[in-house]
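Working notes, beginning with the structure itself.
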Amino acid sequence: MDTKIIKKITLDYIKQAKSSNTKITMLTGYNYPMAKYIDESGIDIILVGDSLGMVELGYESTLPVTMDEMIHHAKAVKRAVKRAFIIGDMPFMSYQVSKEEAIKNAGRFIKEGGCDGIKLEGGEEVLDLIFTLNSFGIPVMAHIGLTPQKVLTLGGYKVQGREHDAAIRLKKEATKLAEAGAFAIVLECLPAGLAGEITENISIPTIGIGAGRRCDGQVLVTYDMLGLFDRFRPKFVKQYCNLSAQMKESLELFIKEVKNGEFPDDERSF
Ligand code: KIV
């Protein structure tokens, strides 16, 4: 029997990490084996991100991702995870059409997907929804800066908040999101100085992606940092290994060994 006691990461742990200056770690997870390795490595938060649309399902952007696809992947992640806090990412048009639909879809992540909270993109336009979800007991992580679900109006995947007015707006939004009840905020593709200022002026933790080192935590898309997605690599990604090269090498070796009769050998035959 495994007697090791695994302490689950709680909402309180994440909230308190900021005051105790403990960096928060978050990675995306989409399927059972990957989520298992990520969880066993000691990560704090696993985000079932809508980025799965691009890196796992092969869509051009995150826009086509559906709630059913997200729930399918969240369930697989949940089956693998014992320790990490799991967040389900609300896909495009799952919370924009009406409050009723948003509540129903957020609830699906908790009831069907087994998630511990949800994430949604946006500033002013989601404040009321965050308050409502919180009042129903659903923890919400906010996401501002480069919000990929607005790629069409943003005109591409670009750094946000470089201009004075945009920086002021982002600072105000971060404060209001904290006041509305978000328990943390993802800051994506912001100048490091601006992300630092936001971090130092709000009460909830910031999790940066392309937002410099002064954030309270960091997140990356796991397939990017493991070298499993080669369509493009943003400047902020550090590739910790090159799994796609290792995979290709192994796959080619299998084919070669079958063709030349090396596999299976006597040891692997009955
Ligand atoms: O979907 C995702 O992976 C995300 C992260 C980039 C924060 O939203």
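Using only the C-alpha atoms, the convex hull of the chain corresponds to 161 Å³ per residue.
About its Cα centre, the dipole of the chain is roughly 600 debye, where the only charges are +1 on Lys and Arg Cβ and -1 on Asp and Glu Cβ. Within the shell defined by Cβ-Cβ distances under 12 Å, the residues around Ile86 carry a net charge of +3, with Lys and Arg each +1 and Asp and Glu each -1. Across the stretch 98-114, rounded Karplus estimates of 3J(HN,Hα) from the backbone phi angles (6.51 cos²θ - 1.76 cosθ + 1.60, θ = phi - 60°) give 7, 4, 4, 5, 4, 5, 4, 5, 4, x, 4, 4, 7, 6, 8, x, x Hz, Gly and Pro being marked x.
Among the GluC sites (Glu not before Pro) in the stretch 13-88, those located in a DSSP loop and surrounded by at most 14 other Cβ atoms within 10 Å of their own Cβ are Glu60.
Using Cα springs under 10 Å in a Gaussian network model of the chain, which residue among Thr62, Thr153, Thr175 shows the largest mean-square fluctuation? Of Thr62, Thr153, Thr175, the most mobile in the Gaussian network model is Thr153. As a rough guide to protection, the peptides 160-168, 45-53 ranked by mean Cβ packing within 10 Å, highest first, stand as 45-53, 160-168. Sites listed here are chymotrypsin sites (Phe, Trp or Tyr not before Pro) in the stretch 117-162 whose DSSP assignment is loop and whose Cβ has at most 11 other Cβ atoms within 10 Å: Phe136. Where both bridge residues fall in the chain, DSSP classifies roughly 5% of the beta bridges as antiparallel. For the stretch 196-270, the set of GluC sites (Glu not before Pro) satisfying both a DSSP loop assignment and a count of at most 15 other C-beta atoms within 10 Å is given as Glu262. Taking a straight line from the alpha carbon of Lys171, these lysines sit under 26 Å away, with near neighbours fewer than eight places off in the same chain left out: Lys15, Lys18, Lys23, Lys99, Lys119, Lys150, Lys158, Lys235. The local environment of Val258, defined by Cβ-Cβ distances under 15 Å, has a net charge of -1 under the rule Lys, Arg +1 and Asp, Glu -1. Over the Cα atoms of the stretch 1-130, the radius of gyration divided by the Kirkwood radius equals 0.98; this is the Rg/Rh ratio.
We did not get these values from a lab; they are worked out from the coordinates using the rules stated. The structure displayed is predicted, hence computed values, not measured ones. Ideal geometry is used to build each Cβ from the backbone, glycine not excepted, and the neighbour counts take in all protein chains shown.
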